[in-house]
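For reference, the structure is listed below as structure tokens.
The values are calculated or read from the model by the stated rules, or taken from the named source; none is laboratory data. Owing to the predicted nature of the structure, the values given are computational and were not obtained by experimental measurement. Using ideal geometry, Cβ is built from the backbone for each residue, glycine included, and neighbour counts are taken over all protein chains shown. These area figures cover heavy atoms from the full protein model, side chains too; ligands, DNA and RNA do not enter into them. Shrake-Rupley method; radii C 1.70, N 1.55, O 1.52, S 1.80 Å.
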Amino acid sequence: MSKKDVSLSVIKRLPRYYRFLGEMKKNGVQRISSGELSNRMGFTASQIRQDLNCFGGFGQQGYGYNVEQLYAEIGNILGVNIKNKTVLIGAGNLGRAVAAHMSFEERGFQLIGIFDKNEALAGQLVRNIPIRHIDGLYDFCKENSPTVAVLCIPSESAKEITDELVSLGVKGFWNFSHHDISADHPDVAVENVHLSDSLMTLSYHINNL
Ligand code: NAI
């Protein structure tokens, strides 16, 4: 099976495998069976075998999985070592929190620029990166060729900025803005984040305990 044929639900589970395996590696665990992995992660053992078979297995009958090797393989599949150059647009409450707390470098990205339209923010440092005025976005992108953007701006500002970024070569968006990027740009990769969806899912669960 080629990577492109792997279902979205499997892809969505990979970061969770990666996180769990990373914790096991840190705790010195060298190997684990699919049964143990399933107990820890809450997926069935057969689900885990099926998921990992999509990428060629990695396990050995009677031995289980080598934690370090599986961690590295899943990291490769996710592309965590690639370091896509990334810009963040909107250095308000959300943008600063994302810039300051997200370990981009450990997840396949390198944050190289932060932009905002508010001139009063220009020059302030977030994680040692200066906030730049949005007017400098074009020149910055021409010079540095970022391929990913994180949008932390209101949806009404997002369309114009997205069109500009796509025309400058950005191919992936981590989109907090609530603007529907895919409608205008079906060929770019978009990961929409809606914290409110997660909150409403909690609402459903708590009301159905
Ligand atoms: P904020 O008002 O603190 O920050 C927004 C920043 O974007 C401001 O600094 C503003 O100057 C800047 N900005 C606006 N238009 C811009 C443009 N065209 N170019 C560059 N910078 C621009 O707001 P906050 O709390 O940081 O939220 C930002 C957006 O994210 C809001 O629209 C909010 O609805 C959304 N949001 C989404 C969440 C989610 O889960 N997807 C969670 C929280 C907020």
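Below are the figures for this structure:
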item: Among (1) touching a residue at least 12 places away in the same chain (Cβ under 8 Å); (2) out of contact with any strand residue (DSSP E or B) (no Cβ under 6 Å at 6 or more places or on another chain); (3) open to solvent by less than 50 Å² (accessible area, probe 1.4 Å) - the single one ARG127 does not satisfy; result: (3)
item: Count of segment 67-94 residues which are within 16 Å of the ligand (Cβ to nearest atom) and open to solvent by less than 10 Å² (accessible area, probe 1.4 Å); result: 6
item: ILE181 vs. criteria over 15 Å from the mean Cα position of the chain (by Cα) and closer than 25 Å to ILE134 by Cβ; result: yes
